[in-house]
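Encoded as structure tokens, the structure appears first; notes follow it.
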Amino acid sequence: MKLLATATAAVILFASCDVRRQDKVADDTLQKVQQALKDTTSVQLIDSVYNFGTITEGESVQYNYRFKNIGSKPLVISSAQPSCGCTVPEKPEKPVLPGETGFIKVTFNSKGRVGHADKEVIVMANVVPAFPNLKLTGEVKEQAPQ
């Protein structure tokens, strides 16, 4: 009886360990990484930091960060995420072809943001090395009482 229970447990344990499936998952992941690296390009930032100076609370600031695709494949920006809700980036919807210049428009709303402002936009794209963060900085002064 003890031998039968041990043999049954061994069969169940062996059946639950499908090594071939794990190897297939690893192979699929490796192929995806290789394909992603094959489709990468390079980027040159023309503008990475913008200092908007001093503005009054409630004003909005807009700036177009410029970059150039210096690689041989189309540059695709998958996301542009701000460091806070007061900053809104707009990424290009179409790929930026090799040799072309693209823009990421960033709008900063200063309402309720009196003081020094240091904001960042994190850009995800098919570039190696990674797309550098875009920085927006300046001072927001309090609105004069009315």
Checklist entry - Given a Förster distance of 35 angstrom, what is the FRET efficiency for R66 paired with K141, based on the Cβ-Cβ distance and rounded to 0.05? => result 0.80
Checklist outcome for this item: Zone reached by a paramagnetic label modelled 7 Å from D39 Cα along Cα→Cβ, restricted to region 106-146 with backbone N below 13 Å, covers 125-127
Next on the checklist: What is the percent carbon and sulfur in the accessible area of region 33-146, measuring with a 1.4 Å probe over the protein chains and ignoring ligands?
Outcome noted: 51
Checklist outcome for this item: Quick shape summary for region 69-146, equivalent ellipsoid via Cα gyration tensor, semi-axes whole Å in descending order, reads 32, 11, 10
Item to check | GluC sites (Glu not before Pro) lying in DSSP loop within region 38-146, provided at most 16 other Cβ fall within 10 Å | outcome: E57, E59, E93, E100, E142
Checklist outcome for this item: Going through K68/K141; K68/K111; K73/K119; K91/K119; K94/K141 one by one, the pairs whose alpha carbons sit over 26 Å apart turn out to be K68/K141; K68/K111; K73/K119; K94/K141
Checklist entry - For K73 and E90 in one chain, what is 0.36 nm times their gap in residues minus the Cα-Cα distance, to one decimal in nm? => result 3.9 nm
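The values are calculated or read from the model by the stated rules, or taken from the named source; none is laboratory data. Remember, predicted model here, so these are calculated numbers, not experimental data. Here Cβ is always computed from backbone atoms with ideal geometry, including for glycine, and neighbour counts include all displayed protein chains. Side chains included, ligands, DNA and RNA excluded: accessible areas come from the protein's heavy atoms. Shrake-Rupley method; radii C 1.70, N 1.55, O 1.52, S 1.80 Å.
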